[in-house]
Each structure stands twice: as structure tokens, then as C-alpha cells.
Ligand code: HEC
């Protein structure tokens, strides 16, 4: 009888430690999928204004650089913008930080919302 109790306690400990690990992994997976919401107006727009407007303002000074002055224009090119910044091809002068590049990726992955 005593043995059964001891085995039960050990089994419980093992089970509860497994459960703990599973919870930890789930949290990490959610993080990798950009669970935190990235705001267009407070994060993405300022990044574009500071780093892309010198060439993407549509004023004709860089005729081949697509106009990125409004949400709709940015939304239409969202996947290209993600690719160009992930590969660090854009901005041409390489001014984005790793966090800014990650924010753009998450914003696009979350559906490029006008939030
Ligand atoms: C120094 C000028 C300059 C800056 C700064 C710049 N771009 Fe560009 N961009 C260009 C030019 C010129 C083109 C067109 C020719 C080409 O594709 O290289 C272009 C093309 C693009 C394209 C079209 C698709 C493609 O991949 O070519 C995207 C998307 C883009 N830029 C995104 C951005 C974003 C986002 C930023 C800011 C984070 C940015 N660019 C900053 C000059 C610039």
C-alpha cells in the first residue's frame, strides 16, 4: 500500500513537470508567430516616414521607387515591402534596425491592418 502511494506521488510529479514544459513551448511558439499586435499608425507609418520617404514619396525624384505615402499604397505592396526589408535590399541606405525589420514582418504576417 505504501509503495502504491509513493509511486502515485512520483507519477504525479513526472506528469506535472511534463505539463509545465508543454506550456512553456506553447508560449514560445505563439511569440514566433507574432502574437503581439503591431500598430500601423504608431509603429509602421513612422518607420516608413523616416526611412523610406526620402525615395518613396512619389514626388518624381526617384521615378522607379513606388509611392508609399498612404496606407492603401503600402498595403498593396505589403508582401514586397516585407521581402525587401527582410533581405535588407530596402531601404537602400540600410537604416533599419533588427526590431524595425521584425515589426514590419509581424505587421504584414498579421494581415497588414490599418490599426
Ligand atoms: C535611397 C533611396 C531609397 C530608400 C531610402 C528606400 N527605397 Fe525602396 N526603392 C528605391 C528605388 C530606386 C526602387 C526601384 C528600383 C529598385 O527596385 O531597386 C525601390 C523599390 C522598392 C520596392 C519595389 C519592389 C522591389 O523590391 O524592388 C519596395 C517594396 C521598396 N522599395 C520598399 C522600400 C521600403 C519599405 C523602404 C523603407 C524601409 C525603402 N524602400 C527605402 C529607393 C529607395
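Sort through 44, 6 and tell me the only one that's assigned to a helix (DSSP H, G or I) and at pLDDT 90 or above. None of the other options fit; the residue is 44. Name the pairs: first residue in the stretch 75-102 and closer than 23 Å to residue 35 by Cα and modelled with pLDDT of 95 or more, second residue outside any loop (DSSP other than H, G, I, E, B) and more than 10 Å from the ligand (Cβ to nearest atom), Cβ to Cβ under 6 Å, at least 6 apart or on different chains? Sorted first by the residue in the stretch 75-102, then by its partner, the pairs are 78/108; 82/105; 82/108.
Every condition in (1) within 9 Å of the ligand (Cβ to nearest atom); (2) surrounded by 10 or more Cβ atoms within 10 Å (Cβ to Cβ); (3) at pLDDT below 90 is met by residue 30 except one, and the failing one is (1). Applying the condition of being more than 15 Å from residue 82 (Cα to Cα) and near the ligand (Cβ under 6 Å from one of its atoms) to the stretch 57-70 and asking which residue is nearest to the chain's Cα centre (by Cα) yields 65. Of all residues in the stretch 68-101, those satisfying the criterion of being surrounded by 15 or more Cβ atoms within 10 Å (Cβ to Cβ) and either touching a strand residue (DSSP E or B) at 6+ places or on another chain (Cβ under 9 Å) or part of a loop (DSSP other than H, G, I, E, B) (or both) are 68, 69, 77, 90, 91, 96. Evaluate the following for residue 52: is it at pLDDT below 95 and either surrounded by 14 or more Cβ atoms within 10 Å (Cβ to Cβ) or within 12 Å of the ligand (Cβ to nearest atom) (or both)? Answer is no for this residue.
Of all the numbered requirements in (1) over 13 Å from residue 115 (Cα atoms); (2) more than 12 Å from the ligand (Cβ to nearest atom), residue 40 misses one, and that requirement is (1).
The values are calculated or read from the model by the stated rules, or taken from the named source; none is laboratory data. Everything numeric here is computed off the predicted structure, so don't read it as measured data. Quick reminder, even Gly has a Cβ in these numbers, built from the backbone with ideal geometry, and neighbours come from all protein chains shown.
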